[in-house]
Amino acid sequence: MPSHSLSKSLYLSALRCDRRLWLKVHRPDESTPPGDAQLHIFDMGTEVGLAAHSLFPAGVLVTVVAGDHAAAVRETQTLMADESVPAIFEAAFEHEGVRIRVDILERLGGGRKGGLWGLREVKSASKLKPAQHLPDLAVQKWVLDGSGVEIDSAELIHVNGDFVLGTGEIDWQAFFCRVELIDELGPTAMDTVTARIADMQRTLAATTAPVREPGTFCKKPYLCDYWESCTAGKPASWFVQQTGGNAKRKARMIDVTESGRPWFSSGLAGALAAATPPIWALDFEAIGPAIPLFEGTRPFRALAFQWSLHRLGEDGEVEHFEYLASGLEDPREEVASKLIEVLNRDEAPVLAYSSYEKQCLSAMAAHLPDRADELEAIAGRLVDLLPIVRAHAYHPDLLGSFSIKKVAPAFAPGVGYEDLTGVADGMAALGAFSKIVKGELSRADEERVRGELLRYCGRDTLALLEVYRALMNAGC
């Protein structure tokens, strides 16, 4: 028996980085807890996984929690022996120190003693991603083969991105797509798993972590939980080196970082010439749930549920306007109507940060043909500040990032996000509003969360406006 047990998640971690595998087993305390973005992905995966159980009526869940794997294996064996059980959810197996929990193990019948089985892996994605999904299925089949389970089918079950929510109960057969991948999991794939597991066991048996220089791979498909640990002590210029962009821009960013002095281009004033007060700053928050919440909507399609506007007048006066949907119905019509009502005050330019606001406006225009002209007119007034900042300004505190959360406190000291509690980023915002829509919060908690949503969205437009003012002063 190998000296260290491997779970499926550890196996997949090691494919990304052998150092991460060693650290997760030997130095778990050095990891950083998952952020709101990753927690939302986990929650969405759990929700979709539970929904997939509806495809297998009378399926039975292994109730033993992950902390007692041996007991979960025993319960799985009992359910497999009961021919009245058509499918097993969270089926547990272990082979040569590798532990897995199969999302769904479907009884197919036929075959030798014990019958044939179908391996079903559920993903909250809208399509097959071979580089991510095939290794996941492969290690599960390897364990099942080693455990004497005869697998005749291996499916990836994923969300159908073209599904449209109608009235009444969700048709889960239409909501999910099932992709057969058994031909991709033949002897060569199994030999690859065997070799990889041997390498992983050698890695775990070492007394020190493998040396691996951090890089862009640490951030795909999400930021590694050991990023802070592995980059501790790196000079500020190192973080700039990890960013993309052309060589000339990167060299300038490194010069600014090492000198400690902000840089503004001679063309900054010209870039801002078309955006003079009065001027608005706009920010949307939107949800894009895997399982649609409102009739006529599709999985993952962004639905704006909130906006904030700050207006800077010619006299320097700053005004704030905001709207947050109730969550009781599709929010887009009310969000659009309230926004048009406020912005009809004048035809002044509207600041945004990235193309996101334009995308939200275009999506609402497509959904609301009667308001399309007005929404497209607002889109035509947008001035995207992000490319202006990228091309004409840099601050040593940015460390290669042009996120508004980095840019605002760098160029406009005093405007930050550290004081926000609860909802403090976009992923937290969409997660919070989703709970409101689903009725998962008490009245008191909903009132608190709505206050957090308003403060966060309002901070984004205030930050945008203050960055604009700082750039205008620097370009004078």
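The values are calculated or read from the model by the stated rules, or taken from the named source; none is laboratory data. As the structure is a computational prediction, the values presented were derived from the model and not from experiment. Positions of Cβ are generated from backbone atoms using ideal geometry, with glycine treated the same way; all protein chains shown enter the neighbour counts.
Filtered by the rule that a residue be surrounded by fewer than 13 Cβ atoms within 10 Å (Cβ to Cβ) and of a type in the set (Ser, Thr, Tyr), region 314-365 gives a lone residue, Ser326. Are any of the residues in region 120-135 part of a loop (DSSP other than H, G, I, E, B) and over 19 Å from Arg178 (Cβ atoms)? Within region 120-135, none of the residues are part of a loop (DSSP other than H, G, I, E, B) and over 19 Å from Arg178 (Cβ atoms). It is to be established whether one or more residues within region 36-56 are part of a loop (DSSP other than H, G, I, E, B) and over 26 Å from Lys220 (Cα atoms). For region 36-56, residues part of a loop (DSSP other than H, G, I, E, B) and over 26 Å from Lys220 (Cα atoms): present.
For (1) modelled with pLDDT of 95 or more; (2) part of a loop (DSSP other than H, G, I, E, B), each residue gets a yes or a no:
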site: Trp280; (1), (2): yes, no
site: Glu285; (1), (2): yes, no
site: Phe294; (1), (2): no, yes
site: Pro299; (1), (2): yes, yes
site: Leu309; (1), (2): yes, no
site: Gly316; (1), (2): no, yes
site: Glu322; (1), (2): yes, no
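Can Ala91 be described as aliphatic (A, V, I, L, M), surrounded by 20 or more Cβ atoms within 10 Å (Cβ to Cβ), out of contact with any Ser or Thr (no Cβ under 8 Å at 6 or more places or on another chain) and over 27 Å from Phe300 (Cβ atoms)? Write out each step before concluding.
Working: aliphatic (A, V, I, L, M): yes; surrounded by 20 or more Cβ atoms within 10 Å (Cβ to Cβ): yes; out of contact with any Ser or Thr (no Cβ under 8 Å at 6 or more places or on another chain): no; over 27 Å from Phe300 (Cβ atoms): yes.
Taking the combined requirement at face value, the residue does not satisfy it.
Consider region 120-178 and keep the residues that are without any contact (Cβ under 8 Å) to a residue 40 or more places away in the chain and touching a helix residue (DSSP H, G or I) at 6+ places or on another chain (Cβ under 7 Å). The one that is farthest from Leu105 (Cα to Cα) is Leu156.
Listed by first and then second residue, the pairs linking a residue in region 351-373 that is outside the structural domain of Ile279 (by TED's automatic domain parsing) to a residue that is crowded, with 17+ Cβ neighbours inside 10 Å, with Cβ atoms under 7 Å apart and 6 or more places separating them unless they lie on different chains, form an empty list. Each residue in region 418-460 was checked for being hydrophobic (A, V, I, L, M, F, W, C), within 12 Å of Ile287 (Cα to Cα) and surrounded by fewer than 17 Cβ atoms within 10 Å (Cβ to Cβ), and 1 of them qualify.
Within region 359-399, the residues that satisfy the criterion of being touching a Leu at 6+ places or on another chain (Cβ under 8 Å), closer than 29 Å to Ala412 by Cβ and part of a helix (DSSP H, G or I) are Leu361, Ile378, Ala379, Leu385, Ile388, Val389, His392.
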